[in-house]
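What follows is one structure encoded as structure tokens, with my remarks underneath.
The values are calculated or read from the model by the stated rules, or taken from the named source; none is laboratory data. This is a predicted model, so every value here is computed, not measured. Note that we place each Cβ from the backbone using ideal geometry, even for glycine, and neighbour counts take in every protein chain shown.
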Amino acid sequence: TGYDNCDGDWSNGCEVNLLTDSNNCGNCGNVCKDWQDCVNGECNIISGRLSVNIDYPENSLVVDKYSGFVVNGTVECTEGYCGNVNVFLRYNNNSEHCNVDTSYSALPMYTDSNPFNCGEMTENNNNICKPAWTAYGTEKGNYYIDLFADSDSNGVNDVNSEDKSVEIKTGTLSVNIWADKNEITEGDSLVLSASVGCNGGYCGSITLTAKNNGVRIGKTGNIITESENPLSPDACQSMRSGDECLVSWSLTGNSASENEITVAVVSDDSEVWSVVSSSVKVTVNKKIGNLSVTETIEPETINVSGRATVSGKVECSEEYCGDVWVYLEKDTGELVGNENPDIFTNNANPVHCESFPCDVSWDVTANKNGTYILSIVAVSDENINNGTSSSWLRVIKPQMVLEPQISLIVEDFNKEFERDEGAEIKAKLKCFDGVCGNTKIYLQTNESQTWANLSKQTPVATENTNPVSFYLDENEEKEFAWHVEFRETGTYIIRLFAETEGDGKDEFAKTVQVNEKEFEAVLLSPKEGAVFKKGDEIKLKINITKNNAPLENANVFVKSSLFGFVLESLGDGIYFGKTTIPLTAKEGEYNVVFEIDGKTIKTTNIEVKSELNVTAVLDKSEYKKGEEIKIKGTVLKDGKNSPATLKVLLSSGSWKYSETLKTKTGDFEYRYKILFGDPDGVWNISITAEDGYGNKGKVNMQTEIISVPTQLLLMFVSPEPYNVTSYTRCQNIEIKTKVVENNVFVSGAKVECKTSSGDIIELEENDGFYSKNYKIPEKTKTGLLSISCDAVKGEKKGGNYININVKPMKLTLYIVNPISVGDTISLKQGESTEFTIKLTYPDGKPVINATANLSIGNKTVVLKPADLPGFYKINFIPTGSGASIMVLNALDADGNRIEKKIDLIVGQGEFRWEWLFIAGLGVVILIIGWYMYKNEKKQPIVQVQEKIIRLPVKERIREIVYKPVPKPETDIDPVTRMEQKLEALETKLENLYKAKELAEQQYYRRTIDEKTFNKLMQDYEEKIIETEAEIKEIKKELDME
């Protein structure tokens, strides 16, 4: 009972207890598993014990929002059978344990998969399991995570690990702004730049809004912008700790005002605090013009006691130049009045200018012979340059024998300079009373009580030719200019001296003071001419002294057209700052200026180059058709891997294929399956890389494609295989082929085509041909588009390719206002007109951000976007009268365009007898036309529908829909009847579009309300769709499609 002889040896009898022996449980040879025990002759499970621990992370993990963190654990099974074990990653918030979800939108974290399955675990087999997860924090906060091990076996304990704390944090935004100018005049522009930094965590995608006095800067206000505002540039997307992005706006002063410009920075992550920059003060001054003066003296030569008239015209380059007085002066600066002993005038001097242009004149009389330099000087009470013009007056004695003489006029220049400062000295020389001949003019300074010519080595130096020699005819005038630099401090007399080969001489002298420089600046970085790439960090460091001592705590501002900010004082006269080269920077040289309180103390030049280093290798030197090209490569910037967008272009002759891919690490791999329809021979492979900062690089390679024997021949029927056919973007084309084997058409093949832009087109078999309609995408690049097709049937293959030419599509242009009659517009002379057009694509979609111009003769104006999408308008006043041609041009961002010519008639509004003649002539033409029409045999037309829409305004829209119905005639064949019906439907469609255009004009001019407009548009669209469907059906029957 319960025992048996399991070893076959009767000498020991029934040696095994079948009720308890695990090797012979219930029956001889029935062995229980390791995790089973034999109880009453049955193998019963010994329930094991599970334990679970988190190996990583350690406690108090801090991670950035949307950053991944690894969780590793250990699950152990002891003491028996633990069953199939699933391990769950959980988070604990407010004392509740929840499984971490696998949806990326889950809060506060998610993971790729959960739970982790350890499989079947026992104490002796698979007793250790190492679950692992990568989790991503999605909500800011402090959380606890643990692992929960769950067995499907009864009697096995479910167990959880200890908690580990995880803090998910967001970053902090910072913003620094600057303007390249802090003071502008009305109509002038400045560049506002903002640098946004993210520190301490994830900051999200950023939007920046430039504001003036707390209000968003737009197209109205004291300061305006045409730039996009707010901005969400690519460089400011998904910012993480350490990221920085730089943006800029072009701002224009609109009206005189004091302004405080700020930039508000907002993240799309609600858990990231928004920030507002400190303000930049910008003053917009009233636009003040510059004064200019022209002067004449008649006659230029008078006798002693004779009279000459000095006349001048003072002009202001803008509407306002301040309160202006005009003076007549001698070259000494002395006013010409009525008490001068040598030359005088009895006219008022100065003269007040009430408006511009301002004409002035004085009658002058000379009591003494000689050459007088008389200047008209216009002086404003505003801070602008005076307008000055000078001329010579020659005074001679009667019967005097004249010798050739010269006279020198020198343009005024400053009296004080700083060491190393430069100046321009300008002069003009004129010859009187005969030929002066060989003449010289010297630029000199006093040196050891003698005059020394300026040279490269003198304390006041010039690199210009000095002296200047030339030949001077009678009444000839010459102008001269020297650039001088004051290299040493001191007091100098600057002298210009001119002499002829005879006795003609004249000179000018002026004392100048050269002071020690207030500041000395030594640039420590960057080096002159240093080269940077877009996105590179640039460090600016300068050492400044004043009076030979380090300058401390000064307001040192550095600026260029790329950046501008205040440098930080590091002590001992050292000032430092850093920024990045903007993404928008163009290649070229940039001037960097260091200023203290608006005074330039140092300048340097840097250069921006956009260059990446791209390397790539092919896995083979040559390939057969049907094989795959494999390319591996790396994008480097400054010797380090750089993320980039890559464009791969494969080409051979006129065939080409392009594809775009991205690399986040700088390493990339590209594969291309060679079609049997692709060309054989040498292929050029070009890979162009561009990073997020606009830096670019390129690598070129070649490989050879070897043709292989094919059994199938694929031939193109459409497009035309022997000519490159042209199509426009968005045009539907039929790709039609036939597949042949040994001159026999092949059915049941799979034919697939690929365009050079990557579109896959599967052709369908129909009547022995393989075809499919393909719509050219609207973003397709213009030029050649290659289409490669492969035919496959079982193991048999073949292929071919064809090129088509893609042209820009033609936009549709409607003139909304004023209403045109046909292609003619009539306007009234001198009356302001709002000219409005609507631009659409062929499918009716409005054209946004187009460039639209209106040209009449040689004058062109730009239409600006209106309130409604696709509408553009401008106000202009027609001048002149009569007929002319108006040309409208429009171009969208992808090069699609339209040009439309309109007959423009501008009238004066009064009756003209010519009109009566033209009207009479028109009546005669109409009568002749009617007579010819009545006598011409034509298909009778019956008007079956006329709908008049009455509107609550003086004007009405007439919608006339013609449905021509031919009277039945037995002698018309069915094809002709269908062609007539097609013509009638096309006329109906044209009238529907005209009615729709007229309704749009009325709505835009607000002569119908929105409800009426929407109802009309719905009715028209329904009828257009019905009519187009009828036209398509008839064309299909006539085999026109």
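With the condition kept exactly as written, say whether any residue in region 495-507 is exposed (fewer than 13 other Cβ atoms within 10 Å of the Cβ), more than 30 Å from T604 (Cβ to Cβ) and of a type outside the set (A, V, I, L, M, F, W, C). Even if it seems obvious, please write down each step before you answer.
Residues of region 495-507 that are exposed (fewer than 13 other Cβ atoms within 10 Å of the Cβ), as a first pass: 503, 505.
Now restrict to residues that are more than 30 Å from T604 (Cβ to Cβ): 503, 505.
Going one step further and asking which of them are of a type outside the set (A, V, I, L, M, F, W, C), we end up with 503, 505.
Yes, that holds for at least one residue.
Out of the residues in region 744-761 that are buried (at least 18 other Cβ atoms within 10 Å of the Cβ) and aliphatic (A, V, I, L, M), which is farthest from L785 (Cα to Cα)?
V746
Within region 729-740, is even one residue more than 39 Å from the chain's Cα centre (by Cα), within 30 Å of D619 (Cβ to Cβ), part of a strand (DSSP E or B) and touching a residue at least 60 places away in the same chain (Cβ under 8 Å)? Lay out the reasoning, then the answer.
Taking region 729-740 as the starting set, the residues that turn out to be more than 39 Å from the chain's Cα centre (by Cα) are 736-740.
Remaining after also requiring within 30 Å of D619 (Cβ to Cβ): none.
Taking every residue of region 729-740 in turn, none turns out to be more than 39 Å from the chain's Cα centre (by Cα), within 30 Å of D619 (Cβ to Cβ), part of a strand (DSSP E or B) and touching a residue at least 60 places away in the same chain (Cβ under 8 Å).
Yes or no: V159 in contact (Cβ under 8 Å) with a residue 60 or more places away in the chain, over 21 Å from the mean Cα position of the chain (by Cα) and crowded, with 21+ Cβ neighbours inside 10 Å?
Working: in contact (Cβ under 8 Å) with a residue 60 or more places away in the chain: yes; over 21 Å from the mean Cα position of the chain (by Cα): yes; crowded, with 21+ Cβ neighbours inside 10 Å: no.
Spelling it out, it is not the case that V159 is in contact (Cβ under 8 Å) with a residue 60 or more places away in the chain, over 21 Å from the mean Cα position of the chain (by Cα) and crowded, with 21+ Cβ neighbours inside 10 Å.
For I145, work out the one condition from (1) modelled with pLDDT of 90 or more; (2) among the aliphatic types (A, V, I, L, M); (3) in the same structural domain as V263 (by TED's automatic domain parsing) it doesn't fulfil.
I145 satisfies every listed condition except (3).
Would you say E752 is in contact with a Gly (Cβ under 8 Å, 6 or more places away or on another chain), outside any loop (DSSP other than H, G, I, E, B) and more than 30 Å from V847 (Cα to Cα)? Talk me through it step by step, then tell me what you get.
Working: in contact with a Gly (Cβ under 8 Å, 6 or more places away or on another chain): no; outside any loop (DSSP other than H, G, I, E, B): yes; more than 30 Å from V847 (Cα to Cα): yes.
No: the conditions fail for E752.
Select from region 42-53 the residues that are at pLDDT 90 or above and of a type in the set (V, I, T) and list them in ascending order.
The one that is at pLDDT 90 or above and of a type in the set (V, I, T): V52.
Do we find a residue being surrounded by 16 or more Cβ atoms within 10 Å (Cβ to Cβ) and either without any contact (Cβ under 8 Å) to a residue 24 or more places away in the chain or more than 25 Å from T603 (Cα to Cα) (or both) anywhere in region 521-537?
There is no residue in region 521-537 that is surrounded by 16 or more Cβ atoms within 10 Å (Cβ to Cβ) and either without any contact (Cβ under 8 Å) to a residue 24 or more places away in the chain or more than 25 Å from T603 (Cα to Cα) (or both).
In region 671-705, what residues are among the β-branched types (V, I, T) and more than 15 Å from K797 (Cα to Cα)?
Step one: of region 671-705, the residues among the β-branched types (V, I, T) are 674, 682, 685, 687-688, 699, 703, 705.
Hits for region 671-705 are V682, I685, I687, T688, V699, T703, I705.
In the list N347, N303, which residue meets the criterion of being at pLDDT below 85 and surrounded by 13 or more Cβ atoms within 10 Å (Cβ to Cβ)?
Working: N347 fails: at pLDDT below 85.
Only one candidate passes the filter, namely N303.
If I go through region 690-729 residue by residue, how many of them are over 14 Å from I804 (Cα atoms) and in contact with a Lys or Arg (Cβ under 7 Å, 6 or more places away or on another chain)?
Initial filter on region 690-729 (over 14 Å from I804 (Cα atoms)): 690-715.
From the residues that got through so far, the ones that are in contact with a Lys or Arg (Cβ under 7 Å, 6 or more places away or on another chain) too are 690-691, 693-695, 705-708, 710-712, 715.
Selection size over region 690-729: 13.
Within the set of pairs 6+ apart or on separate chains, which have a first residue in region 598-609 that is more than 15 Å from L551 (Cβ to Cβ), a second that is assigned to a strand (DSSP E or B) and among the hydroxyl-bearing types (S, T, Y), and C-beta atoms under 9 Å apart?
N605/Y590; I606/Y590; E607/Y590; V608/Y590
Scanning for something farther than 24 Å from D243 by Cβ and touching a residue at least 24 places away in the same chain (Cβ under 8 Å), does region 560-570 turn up at least one residue?
First pass over region 560-570, keeping only residues farther than 24 Å from D243 by Cβ: 569-570.
Filter once more, keeping what is touching a residue at least 24 places away in the same chain (Cβ under 8 Å): none.
No, the conditions are met nowhere in region 560-570.
When you scan region 73-115, how many residues do you find that are farther than 17 Å from G137 by Cβ and touching a residue at least 40 places away in the same chain (Cβ under 8 Å)?
17
I need the strands (runs of 3 or more DSSP E) fully contained in region 68-132, keeping only those with at least 1 residues that are crowded, with 18+ Cβ neighbours inside 10 Å.
Numbers: elements: 68-78, 81-93, 96-99, 109-111, 116-122.
The strands (runs of 3 or more DSSP E) meeting that bar are 68-78, 81-93, 109-111, 116-122.
N290 is checked against (1) touching a Gly at 6+ places or on another chain (Cβ under 8 Å); (2) surrounded by 18 or more Cβ atoms within 10 Å (Cβ to Cβ) and fails just one. What number does that condition carry?
All conditions are met except number (2).
Checking the condition of a type outside the set (F, W, Y) and touching a residue at least 60 places away in the same chain (Cβ under 8 Å), which residue from N438, N464, N475 passes?
Values: N464 fails: touching a residue at least 60 places away in the same chain (Cβ under 8 Å); N475 fails: touching a residue at least 60 places away in the same chain (Cβ under 8 Å).
Going through N438, N464, N475 in turn, the sole match is N438.
Pairs, please: C-beta under 6 Å, at least 6 apart or cross-chain, first residue assigned by TED's automatic domain parsing to the domain that holds P526 and touching a residue at least 24 places away in the same chain (Cβ under 8 Å) and in region 577-589, second of a type in the set (K, R) and surrounded by 20 or more Cβ atoms within 10 Å (Cβ to Cβ)?
What qualifies is I581/K534; L583/K534; A585/K534.
When you scan region 839-857, how many residues do you find that are surrounded by fewer than 18 Cβ atoms within 10 Å (Cβ to Cβ) and either assigned to a strand (DSSP E or B) or among the β-branched types (V, I, T) (or both)? Walk me through it before giving the result.
First, pick out the residues of region 839-857 that are surrounded by fewer than 18 Cβ atoms within 10 Å (Cβ to Cβ): 840, 842-846, 848-849, 851, 853, 855, 857.
After this cut, where a residue has to be either assigned to a strand (DSSP E or B) or among the β-branched types (V, I, T) (or both) as well, the list is 840, 846, 848, 851, 853, 855.
Matching residues across region 839-857 total 6.
Anything in region 696-720 that is outside any strand (DSSP E or B) and within 22 Å of L650 (Cα to Cα)? List them, or say none. Break it down into steps so the answer makes sense when it comes.
Our first condition is that a residue be outside any strand (DSSP E or B); within region 696-720, this holds for 707-712, 719-720.
Within region 696-720, S707, V708 meet the criteria.
Can you name every residue in region 348-383 that is within 20 Å of T332 (Cα to Cα) and part of a loop (DSSP other than H, G, I, E, B)?
Matches in region 348-383: A348, N349, P350, N367, K368, N369.
Could you list, in sequence order, all residues of region 327-352 that are of a type in the set (S, T, Y) and either free of Cβ contacts under 8 Å to residues at least 40 places away in the same chain or closer than 16 Å to N367 by Cα (or both)?
Of the residues in region 327-352, the ones of a type in the set (S, T, Y) are 327, 332, 345.
The answer is T332, T345.
Being surrounded by 17 or more Cβ atoms within 10 Å (Cβ to Cβ) and either assigned by TED's automatic domain parsing to the domain that holds F344 or hydroxyl-bearing (S, T, Y) (or both) is the filter here, so list the residues in region 261-281 that pass it.
Scanning region 261-281 gives T262, S267, S277.
Go over the candidates L649, L636 one by one and state the one that is surrounded by 14 or more Cβ atoms within 10 Å (Cβ to Cβ), within 30 Å of L540 (Cα to Cα) and either not charged (D, E, K, R) or not assigned by TED's automatic domain parsing to the domain that holds K541 (or both). Give the derivation first.
Values: L649 fails: within 30 Å of L540 (Cα to Cα).
Selected residue: L636, the only one of L649, L636 that is surrounded by 14 or more Cβ atoms within 10 Å (Cβ to Cβ), within 30 Å of L540 (Cα to Cα) and either not charged (D, E, K, R) or not assigned by TED's automatic domain parsing to the domain that holds K541 (or both).
Please work out which one of (1) modelled with pLDDT under 85; (2) exposed (fewer than 14 other Cβ atoms within 10 Å of the Cβ); (3) at negative phi is the condition Y56 fails and give its number.
Condition not satisfied by Y56: (1).
Taking the condition of being without any contact (Cβ under 8 Å) to a residue 40 or more places away in the chain and in contact with a Pro (Cβ under 9 Å, 6 or more places away or on another chain), how many residues in region 484-520 meet it?
At the first step, the residues of region 484-520 found to be without any contact (Cβ under 8 Å) to a residue 40 or more places away in the chain are 490-491, 509, 520.
Then drop every residue that is not in contact with a Pro (Cβ under 9 Å, 6 or more places away or on another chain), which leaves 490.
Result for region 484-520: 1.
Provide a single number: the residues in region 753-774 that are under 32 Å from the mean Cα position of the chain (by Cα) and small (G, A, S). It would help to see each step written out before you state the result.
First, pick out the residues of region 753-774 that are under 32 Å from the mean Cα position of the chain (by Cα): 754-760, 774.
Among the residues that remain, those that are also small (G, A, S) are: 756-758.
So the count comes out to 3.
Pick out the one residue from T860, T836 that is surrounded by 11 or more Cβ atoms within 10 Å (Cβ to Cβ), at pLDDT below 85, of a type outside the set (D, E) and outside any loop (DSSP other than H, G, I, E, B). Lay out the reasoning, then the answer.
Working: T836 fails: at pLDDT below 85.
Result of the check over T860, T836: T860.
Got a number for residues in region 4-41 being in contact with a strand residue (DSSP E or B) (Cβ under 7 Å, 6 or more places away or on another chain), at pLDDT below 85 and part of a strand (DSSP E or B)?
Count: 2.
For region 145-156, which residues satisfy the criterion of being of a type in the set (S, T, N, Q) and either within 53 Å of the chain's Cα centre (by Cα) or buried (at least 16 other Cβ atoms within 10 Å of the Cβ) (or both)?
S151, S153, listed by residue number.
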